[in-house]
Amino acid sequence: MSSVVPSISPRTGDVVEVVASETPTASVDRICRAAAAAAEALDALGRDGRAALLEALAQALEDARARVVAVADRETGLGEARLNGELTRTCYQLRLFASVLTDGGYLEATIDHAGDTPMGPRPDLRRMLVPLGPVAVFGASNFPLAFSVPGGDTASALAAGCPVVLKAHPSHPATSKLCFEILTEAARKAGAPEGTFGIVYGQQAGADLVAHPEIRAVGFTGSTGAARALLAVIEQRPEPIPFYGELSSLNPIVVTPAAAAERAPRIGTDLAASFTMGAGQFCTKPGLAFVPAGPDGDSLVQAVQDAIDGLEPMVMLNGGIAAAFTRGTAVLSTVPGLTPAVPAPANDFAAVGPDAAAAGAPAGSRNAVADGGGFRGTPVLLTTTAAELPPEATEECFGPVTVVARYQDESELFAALATLPNSLTATVHRGADETALPAELTRRLRSRAGRIVYDGYPTGVAVSWAQHHGGPWPATNTQHTSVGTTAIRRFLRPVVWQNAPADLLPPELRDEYDSIPRRVDGRLRPIP
């Protein structure tokens, strides 16, 4: 018998409603087979048809804005202002991928006409990218819209021509269900085939999903532990598939002595705002900041502490995350060499997450492990020295906590940087007209991060053509991005047509076609 999937308010710990039952294996099979049956028809819509589909999905979400934001706020506690901004981002993202389709450059269309070469005669070769097939997308806890059911993985997979089967996140199942229903109805009206979207609920359903032979790739945002569990399932498949995971990230910040001398109070205040944004539940949260020793650094650290002193305990996404945050900060506070800037507060938390809520609990009942005030965490600032940087300070702790490591000189700083795990981002704050140290930091950090930020903060990832949201392991397990237009590349594969008659070629590979950029006989030809 399937367990129910409850919707829990993180503000109170209450079970507000039962959203669905966990999806049994037989239903996962039916959903995946429906997605496979839809794949050819979705591809056949062509670039223009899928662009129109993405525009229709964006408009449907816009039309349902009030409902979507209200449900998401109830389930995540993120606040209407944040969620309205996230929905705007989500709709923009869908429309941006519509423009990617219109542009057509993502196809990497390449033509080498038959001819002589130093190696002998060459056949006529024509290459472009084609969709992989059905994609499994796992929603993220911390972005119920932009990285979940209607998010970037979904947008890029649909743009590529791949049906999407979604795994609803247990932190926001009602939001996931509502968005799924909105997208499904909009897709039907736009002429997309039945099976373009599917959704499953429950941990076992997620494992069944990645194991299903019709699923051709997985998009995932979440913990390294959950990723390893899914990868273990994939490894048992007769035919392995790509798993694109965005996982764990420390996101170090380096403040140079010149920057601290110029603007220590402002950097401290802004750093506090960055690591407490969204209760510190961002994959790009700066978890470690290197600050010079001395009076300027003292002023910066004091500004951080002053900024968080007046903050109330922050609502966290679910009981599991709040409990992990409390355990993590408690451990950090006892590590030799790590010192709380002020005595660590008692954090309110639930001992288990929403998945552990009692099956069948009626709407309005109390989650037995909540403290009566929901799931909350109080911001924490810890300090240490770069020379004695403990390993525990280099591990991601999800939530509103950061560690400031003080360094005496460049050699001490560089030695500490060499011990860090790879991250999604690394940030350098430099003085006006300062070049030598920032250049050396850039050289050292480039191999450790997918995005290097200057004089700013990593929280906030713009959706654009040039964006890369990724990094070496453990930030991700892939060289691809999950944000920005090149995210589409994850769900495509190359095919070459050799000596093919013109009537069997895709339109984009025929000689007379000139509506997209193409490389012909080695030369890039833009649109006339």
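The values are calculated or read from the model by the stated rules, or taken from the named source; none is laboratory data. All values reported here derive from a predicted model rather than from experimental measurement. Virtual Cβ from ideal backbone geometry, glycine too; neighbours counted across all protein chains shown. These area figures cover heavy atoms from the full protein model, side chains too; ligands, DNA and RNA do not enter into them. Shrake-Rupley method; radii C 1.70, N 1.55, O 1.52, S 1.80 Å.
May I ask you to give the percent of accessible area on the stretch 69-192 that is carbon plus sulfur, with a probe radius of 1.4 Å?
For the stretch 69-192, the apolar C and S fraction of the accessible surface comes to 58 percent.
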The stretch 205-276, accessible area per residue, ligands and nucleic acids excluded (1.4 Å, Å²): 34
In Å and from the alpha-carbon atoms only, list the Rg and Dmax of the stretch 202-247. 9.6, 25
Coil-residue GluC sites (Glu not before Pro) of the stretch 186-272, DSSP, other Cβ within 10 Å capped at 15: 194
Go from 0 up to the bin containing the longest alpha carbon distance in the stretch 1-160, width 10 Å each, and give me the % of pairs per bin. 9, 27, 29, 20, 8, 4, 2, 0
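Can you order the peptides 99-105, 165-171 by their average number of other Cβ atoms within 10 Å per residue, highest first?
Values: 99-105: 18.0, 165-171: 27.7.
Highest to lowest by the protection proxy: 165-171, 99-105.
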Considering the options 54, 192, 373, tell which one lies farthest towards the positive end of the dipole of the chain, charges being +1 on Lys and Arg and -1 on Asp and Glu at the Cβ, about the Cα centre. 192
Hey, what's the stretch 9-166 come to in accessible area per residue, 1.4 Å probe, Å²? 34
On a 0 to 90 degree scale, rounded to 10, what angle separates helix 173-189 from the longest Cα axis of the chain? 20
Can you give the angle from 0 to 90° between the axis of helix 257-276 and the longest principal axis of the chain, with both taken from C-alpha atoms, to the nearest 10? 70
Would you mind telling me the antiparallel percentage of the DSSP bridges in the chain, rounded to 5? 40
Can you list the lysines whose alpha carbon sits under 30 Å from that of residue 189, skipping same-chain ones fewer than 8 residues off? 167, 177
Which number do you get for Rg(Cα) / (2.2 N^0.38 Å) in the chain? 1.04
Taking the inverse of the average 1/r across all pairs of different Cα atoms in the stretch 439-510, what Kirkwood radius in Å do you get? 15.3
If packing is taken as the average count of other Cβ atoms within 10 Å, what order do 486-492, 124-130, 506-512 fall into, highest mean first? 486-492, 124-130, 506-512
With only Lys, Arg, Asp and Glu charged, each at its Cβ (+1 for the first two, -1 for the last two), find how big the charge dipole of the stretch 404-502 is about the Cα centre; round to the nearest 20 debye. 620
Measure off 7 Å from each Cα along the Cα-to-Cβ vector at residue 232 and residue 334, then give the distance between these two points in nanometres to one decimal. 2.7
The distance between the Cα centres of the stretch 451-528 and the stretch 118-158, in whole Å, is 9
Would you be so kind as to identify which of 19, 129, 449 lies farthest towards the positive end of the dipole of the chain, taking Lys and Arg as +1 and Asp and Glu as -1 on Cβ and the Cα centre as origin? 129
Can you compute the charge dipole magnitude of the chain about its Cα centre, using +1 on each Lys and Arg Cβ and -1 on each Asp and Glu Cβ, nothing else charged? Give it in debye, rounded to the nearest 20. 620
The orientation-averaged projected area of the Cα convex hull of the stretch 384-528, in nm², is 13.4
Quick check on the stretch 407-475: take the gyration tensor over C-alpha atoms, sort the square-rooted eigenvalues as a ≥ b ≥ c, and tell me if it's rounded (a/c under 1.5), prolate or oblate. oblate
Hull volume in cubic angstrom per residue (convex hull over the Cα atoms of the stretch 118-172): 108
What is the log10 of I(q)/I(0) for the stretch 68-220, computed with the Debye formula using one identical point scatterer on each Cα and no solvent, at q = 0.09, 0.15 Å⁻¹? -0.36, -0.80
Taking N as its residue count, the alpha carbon Rg of the stretch 264-340 over 2.2 N^0.38 Å: 1.17
Accessible area per residue for the stretch 435-528 in Å², computed with a 1.4 Å probe and the full protein assembly in place, what is it? 54
Between the residues 425, 458, 438, the Cα farthest towards the positive end of the dipole of the stretch 415-467, that dipole coming from +1 and -1 charges on the beta-carbon of Lys, Arg, Asp and Glu, is from 425
To the nearest 20 Debye, how big is the dipole of the stretch 10-133 about its Cα centre, given +1 on the beta carbon of each Lys and Arg and -1 on that of each Asp and Glu? 60
Value of Rg to Rh for the stretch 227-290 (Rh from inverse mean 1/r over Cα pairs, i.e. Kirkwood): 1.27
